[in-house]
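One structure is given below, encoded as C-alpha cells.
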Amino acid sequence: MGHASVILLDTDHINVLQSREPRAVTLMANMAASADQDFATTVITIEEQMRGWLAVIHRSIALANGALLLSANLRDFEQVPNLRVENWLV
C-alpha cells in the first residue's frame, strides 16, 4: 500500500464494510494496519448507495402491488423472484 494522507473508500469498499461479508475482515485489518488513519468517502459513494436503496424500494412497491415494473435495468431486476419487469424502450 502506498502512502496517502487521506484514504478514500469507494462504494465497493463501503458496501463490503456494511455487509460484514468475509472480505470485510481483510479490509478492516488493512485499514487498522495503515499508517494513515484518515478514512473518508465522497458524496458520489453516498449517491450510488442511495440509488441502490431506491432500486430496492421500487422492487418492493412493484412486488407488493403485483405491478409491472418498466425498467431498462433488466439485468438486475430479472433476478428478483416474482417481479414482473419489462423494458419498453426497445
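Using alpha-carbon pairs under 8 Å, 6+ residues apart, how would you state the relative contact order of the range 6-53 in percent?
57 percent
Take the Cα atoms of the chain, find their three principal axes, and give me the spread along each one in whole Å, biggest first.
The Cα atoms of the chain stretch 52, 25, 20 Å along their principal axes.
Run the numbers for Ala32 and Ser5: contour at 0.36 nm per residue of separation, minus the present Cα-Cα distance, in nm.
Here the segment from Ala32 to Ser5 would lengthen by 8.2 nm.
Do you know the relative contact order of the chain, to the nearest whole percent, from alpha carbon pairs under 8 angstrom that are 6+ apart?
Relative contact order here is 23 percent.
Short version: what are the Cα gyration tensor semi-axes of the range 42-88, square root of 5 times each eigenvalue, largest first, in whole Å?
The three semi-axes for the range 42-88 are 22, 12, 8 Å.
What number, rounded to the nearest 500 deg cm²/dmol, is the helix-based mean residue ellipticity at 222 nm of the chain, given -39500 (n - 2.57) per DSSP H run of at least four residues and division by all its residues?
Rounded to the nearest 500, it is -16500 deg cm²/dmol.
Per residue of the range 31-42, in order, report the coupling 6.51 cos²θ - 1.76 cosθ + 1.60 (Karplus, θ = phi - 60°) as ³J(HN,Hα) in whole Hz, putting x for Gly and Pro.
5, 5, 7, 5, 5, 8, 10, 8, 9, 8, 9, 10
I need the calculated FRET efficiency for the pair Gln18 and Leu74, taking r as the beta carbon distance and R₀ as 30 Å, to the nearest 0.05.
0.70
Out of every Cα pair in the range 1-52, what percent are spaced more than 18 Å from each other?
Value for the range 1-52: 34 percent of Cα pairs lie more than 18 Å apart.
GluC sites (Glu not before Pro) within the chain: which are DSSP loop residues with at most 16 other Cβ atoms inside 10 Å?
Details: sites: Glu47, Glu48, Glu78, Glu86; in loops: Glu78.
Filter output for the chain: Glu78.
Values in this text are rule-based calculations from the coordinates and carry no lab data. All of these numbers come straight from a predicted model, not from anything done at the bench. Ideal geometry is used to build each Cβ from the backbone, glycine not excepted, and the neighbour counts take in all protein chains shown.
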